[in-house]
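The structure under discussion appears below in the form of structure tokens.
Just so it is clear, none of the values below were taken in a lab; they were calculated from the coordinates. Computed from a predicted model, the values in this text were never measured in an experiment. Cβ placement follows ideal geometry from the backbone for every residue including glycine, while neighbour counts extend to all protein chains displayed.
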Amino acid sequence: MKKTFIFLLLAGIQFVHSQELALVKKNSKIGYLAKDGSFKIEPQYKAAKSFSEGLAAAENAGKWGFIDAKGAWVIPATFVDAKDFNSGIAIVKKDKEWVYIDKKGEIQKAPASEKLYDFNNGVAFIKQGNKIGLINSKMAVVLEPKYDQIKPFENGFARVELNKNWGIINTAGKELVEPAYAEIGNYFKNTTWARKDKTFGIISAGKFIPVDGAEKIWDFEIQDLTFAKKNGKIGFIDLKGNWVILPIYDKAKAFSKNLAPVLVGSKWGYINPKADFVIPPTYSDAEVFGSNGLAPVKESNWGFINESGKIVIPTQYGITANGMIAMFVQQDKGFIDGIARVKNEGKWGFLRPDGTVLGNQWFENAELFSKSGGRNITEAVAEKPKSETKPTAKKKK
């Protein structure tokens, strides 16, 4: 009986630690909402950030520190500024200097670098001269500075640039694709797209396979198909670079639930992998399906349809891109972990899949439920829904 009690206690502790909270602004004060619609922490902060790894940066009397999910100060508010925790490390500004701290608030001495970079996927960049390398959360050098650029890691992989050519490394600094390409995509199932001179293709098992006529290729995201452009039109290719859906669409977005939004003329609909229209092109905009089988669609405003095309939540809301850093593989719009952030009559709230409003409350501003990051809500600006296809420009920022 005693062992059972201990197990249940530990399970309870784990549940508390893993609880997701949403940062919201009400009556000009910031608090944190639980997924049952109640306030876990009542609105009381002038400025604060979303929870990340169990802690949230908050301001008190002009100084920044970190609170836990109960609102208790775990790291006192003594810093000029503070960023989110990632990989157990956060960057804070102490006096006039930016430094790393751990979750005890203790300063961590990092290897020499011209500036400090946020941790992500267990590593952070270091810059020495004009070269970039990697350190781990123990402040040990993983990769000596050698690249001209390293882009943020996505699922353990990052694009790297050397002498104006691009490749891919993992968090151990190992080159998985040598820097030999003018452009390169994300790394998905040991595959990526790339551009060599003027030719777009797929890199698989280290071999570059040209894609017939491709003028542009977008990242693989959820399924083994991605969209690409040929002769100014959009179609879909597989992981081997074969055109599996002919390029006949004006725009397209990723497959999810075996359905992909495509634009024909001025209207969006959804096709299956056989290129059959499952949902006819009737909407002015459309987004990919979420894991719960609902997708945002736009008429004059945004609502949600199910996989058969039935509107299950009326098109009366604004929706916004994910407030989290876009590098994380997550749906940018619509339902994320069972909750969708929407705007209605100038206020922000959260919808459940049945269309009810979480806690029946609307807020001056709100961030997504998250344990992995967020922005200072006093600086957050609502983003307008976009109908453009996902750009590849991020590869070469």
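Kirkwood radius, the chain, all distinct C-alpha pairs, inverse of mean reciprocal distance: 22.9 Å. Using only C-alpha atoms and all pairs of different ones, pull out the Kirkwood radius for the stretch 86-127 in Å with one decimal. Evaluated over the stretch 86-127, this radius sits at 10.6 Å.
Order of 225-231, 76-82 by packing, highest average Cβ count within 10 Å first?
Values: 225-231: 20.9, 76-82: 17.3.
Going by the mean number of other Cβ atoms within 10 Å, highest first, we get 225-231, 76-82.
The spacing between the stretch 59-103 and the stretch 145-207, judged by their C-alpha centroids, is 34 Å. Other residues whose C-beta falls under 10 angstrom from the C-beta of F220 contribute a net charge of -3, scoring Lys and Arg +1 and Asp and Glu -1.
Per-residue Cβ neighbour counts within 10 Å put R352, R195, R341 in the sequence R352, R195, R341, beginning with the fewest. For K267, the lysines whose Cα falls under 18 Å of its own Cα, not counting residues fewer than eight places away in the same chain, are K233, K251, K253, K298, K310, K386, K390.
Got a sec? How would E364, E345, E161, E144 order by Cβ neighbour count within 10 Å, fewest to most?
Numbers: E364 16, E345 8, E161 19, E144 12.
Listed from fewest to most nearby Cβ atoms, that is E345, E144, E364, E161.
Neighbour counts of C-beta atoms inside 10 Å place W166, W64, W243 in the sequence W243, W64, W166, starting with the fewest. Each 5 Å bin from 0 upward holds the following percent of the Cα-Cα pairs of the stretch 126-212: 3, 15, 26, 23, 16, 9, 5, 2, 0, 0.
Applying Stokes-Einstein at 4 °C and 1.567 mPa s to the Kirkwood radius of the stretch 153-309, computed over alpha-carbon pairs, gives a translational diffusion coefficient of 79 µm² s⁻¹. Pairs of Cα atoms nearer than 8 Å and 6+ residues apart set the relative contact order; for the chain it is 12 percent.
Which value in deg cm²/dmol, rounded to the nearest 500, describes the helix-derived mean residue ellipticity at 222 nm for the chain, given -39,500 (n - 2.57) per DSSP H run of n ≥ 4 and division by the residue count?
On the way: 1 runs with 17 residues, N = 397.
Result for the chain: -1500 deg cm²/dmol, rounded to the nearest 500.
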